[in-house]
Amino acid sequence: MSALSFEVSAFGEAGWLVQLQGGDMVATALAANAIADRLRPLKGVTDCVAGIDSVVLRFDPCVLSPQDARKMLETAVKEAPHDKAAPKTKIAIPVCYGGEFGPDLSALAKRLSLSEKEIIKQHSAQKYRVLTIGFAPGFAYLGPLPESLRTSRLESPRAHLPAGAVGIAGAMTGVYPLASPGGWPLIGRTPKKLFDAKAETPFLFEPGGEVTFTPVSEEEFARMEAAAS
Amino acid sequence: MSVIAKITKPGLMTTLQDMGRAGSRHLGVPLSGAADPLSFALANAALCNEPSVPALECTLQGPSLRFLATATIALAGADMNAQLNGAALPINETARVKDGDELVLGTAKTGARCYIAVAGGFAGDTFLGSVSTYAQAALGGIEGRTLKAGDRLLSAGETTGSARTPSAALYPWLTHEFFLRATTAPETGQLSPESLKQFFSARWTVSRRADRMGLKLEGPSLSLARTPPMASSPVFPGTVQCPPDGAPFLLSCDAQTVGGYPRIAQVIAADLHLVGQMRPGDHLWLRQTEEAEARDIAQKKAALLADILPGGFFR
């Protein structure tokens, strides 16, 4: 357990950002989410949102003074657990890698000097944690990605990608829950529904949860997709 | 719930909106809701509705509706030359409509969004406590999408009610020139001193890329200090991001919840409603404002609007 150092700065007239520096990516992200979850329900707090290594507290200045809001945030940071607590949920995501399912896999293999098979093996052997939820409803930032797979975002983002597209960027991987634009190189696709507004629990992931990827064939993908719809 | 009207022409982009899904950003769900919450609330206020009662948001070119029941309606926001059975229906006035009446909206000359409210409000699909439409994820509204011809609009309550006229002094005055006040944001320091000066003094033009998610601004190209890419961090409606191309991007009501581009400014809460009325080609100035002054402005403006927006600007 390393020390969590931090820096607070103003973010608008009714917001404070705390930037966390913790060393370990997962522990820092879990701390950010713990801080946000703790502060969100408090009186005068209009919203509290975690990033990968940051938290923004937004407040109503008619209810909470900026100084008190800042103190509240600093206290929550100082008291936040900063360790890799065991995951409460474990989710396996079936993925059909490469080909039309992962249109950037072959280019990535060249860039990373690895075979497609090796990328699939490494991506699916790793146990990831949900660092935070954001960007789109139910999008989970997952990490850490094995060092050997780290790559930059696409030079120009795709205007359209399908729901279930699995991408990697930097030290993270993630699954796009909805058809959307996106800038992460795509290596595969899952038939699993990650967000369903009509379901009793619309969101599959929660911060801190463990996620693994299981390679499936095109046939299995088609069967699972048919069963899901 | 009963059918109150039918869409005969959908307009450019007409959606059902309320005040949005506040407090859902930790789930990756944007705020959504009316892009111009003040005009939205004015339309409701004219009908003595609660400020957050669902109404239609019409964009640039309004829809045509045929009413199928008796109702009291009010329009607010951008003037789209509305006609009720061929006679002009002025903005900010209420009207009684009956079965068979035709409401036809035209094109806005200034401003971008007009709100059509009905006494008691329209009904829609609820998600996380709000019926506001977020089309990207097919949430809320009517099947989570923009309205199309043939859609039937349901009323959520008693459709006729008392009407009142909010003070005309409170109506937003819309032109093609906008003036927004903004504070600095966490990465403002990454702008070069010259770019910082330009950002808060240039006459920016709203580009064609302007929607409920955000507006790309055209003007001087801003330069940022070379820093390692930042980890995704929270952004909000009113946040101005600066991508590597140097063209600032002003986030609006459907803004994503986190982003990886430097945040160089935050539009003050009291001015944010104006962003919903900016359209491609409009001009805008941003004036740097200290946080304490921004809070003071919000408090004074909220006091003036206490009858219209009792919740104030911080939601």
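Scanning segment B:181-233 for residues that are of a type in the set (A, V, I, L, M, F, W, C), in a loop (DSSP other than H, G, I, E, B), modelled with pLDDT under 95 and farther than 25 Å from B:Gly28 by Cα gives a single hit, B:Ala225. Counting only strands (runs of 3 or more DSSP E) wholly contained in segment A:163-229, the ones carrying 1 or more residues that are touching a residue at least 60 places away in the same chain (Cβ under 8 Å) and closer than 20 Å to A:Pro144 by Cα occupy A:165-169, A:172-175, A:186-189, A:210-215.
Looking at B:Ser32, is it open to solvent by less than 10 Å² (accessible area, probe 1.4 Å), touching an Asp or Glu at 6+ places or on another chain (Cβ under 9 Å) and part of a loop (DSSP other than H, G, I, E, B)? So B:Ser32 fits the description; yes.
Looking only at residues of segment A:120-136 that are more than 17 Å from A:Pro94 (Cβ to Cβ) and of a type outside the set (Gly, Ala, Ser), we find that the one that is surrounded by the fewest Cβ atoms within 10 Å (Cβ to Cβ) is A:Gln122.
All conditions in (1) surrounded by 24 or more Cβ atoms within 10 Å (Cβ to Cβ); (2) assigned to a loop (DSSP other than H, G, I, E, B) hold for B:Leu56, with the sole exception of (2).
Rundown of residues vs (1) among the hydrophobic types (A, V, I, L, M, F, W, C); (2) open to solvent by less than 20 Å² (accessible area, probe 1.4 Å); (3) at pLDDT 95 or above, yes/no style:
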| residue | (1), (2), (3) |
| --- | --- |
| A:Gly12 | no, yes, yes |
| A:Trp16 | yes, no, yes |
| A:Gly23 | no, no, no |
| A:Asp53 | no, no, yes |
| A:Arg58 | no, no, yes |
| A:Lys71 | no, no, yes |
| A:Glu74 | no, no, yes |
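Just one of B:Gly312, B:Gly260 is without any contact (Cβ under 8 Å) to a residue 24 or more places away in the chain and open to solvent by less than 30 Å² (accessible area, probe 1.4 Å); which is it? On inspection, the qualifying residue turns out to be B:Gly312.
When the residues of segment B:147-180 are filtered to those that are closer than 30 Å to B:Val3 by Cα, outside any loop (DSSP other than H, G, I, E, B) and at pLDDT 95 or above, which remaining residue is least open to solvent (accessible area, probe 1.4 Å)? Step by step, filter segment B:147-180, then rank; the result is B:Leu153.
The criterion of at least 3 residues that are over 30 Å from A:Pro162 (Cβ atoms), more than 14 Å from chain A (Cβ to nearest Cβ) and open to solvent by less than 20 Å² (accessible area, probe 1.4 Å) is met, among strands (runs of 3 or more DSSP E) falling completely within segment B:83-146, by B:113-118.
Among the residues of segment A:97-119, which ones are open to solvent by less than 20 Å² (accessible area, probe 1.4 Å) and touching a strand residue (DSSP E or B) at 6+ places or on another chain (Cβ under 6 Å)? Explain how you work it out, then say what you get.
Going residue by residue through segment A:97-119, those that are open to solvent by less than 20 Å² (accessible area, probe 1.4 Å) are A:98, A:102, A:105, A:108-109, A:119.
Across segment A:97-119, the qualifying residues are A:Gly102, A:Leu105.
Residues that are at pLDDT 95 or above and within 12 Å of chain B (Cβ to nearest Cβ) occur at least once in segment A:111-131. Within segment B:230-247, being more than 9 Å from every other protein chain (Cβ to nearest Cβ) and buried (at least 24 other Cβ atoms within 10 Å of the Cβ) holds for B:Pro237, B:Val240, B:Cys242.
The values are calculated or read from the model by the stated rules, or taken from the named source; none is laboratory data. Small disclaimer: the values here were computed from a predicted structure and weren't measured. Cβ sites come from the backbone with ideal geometry, for glycine too, and all protein chains shown count toward neighbours. Ligands, DNA and RNA are stripped out before the accessible areas are found, and what is left, the full protein with its side chains, is counted by its heavy atoms. Shrake-Rupley method; radii C 1.70, N 1.55, O 1.52, S 1.80 Å.
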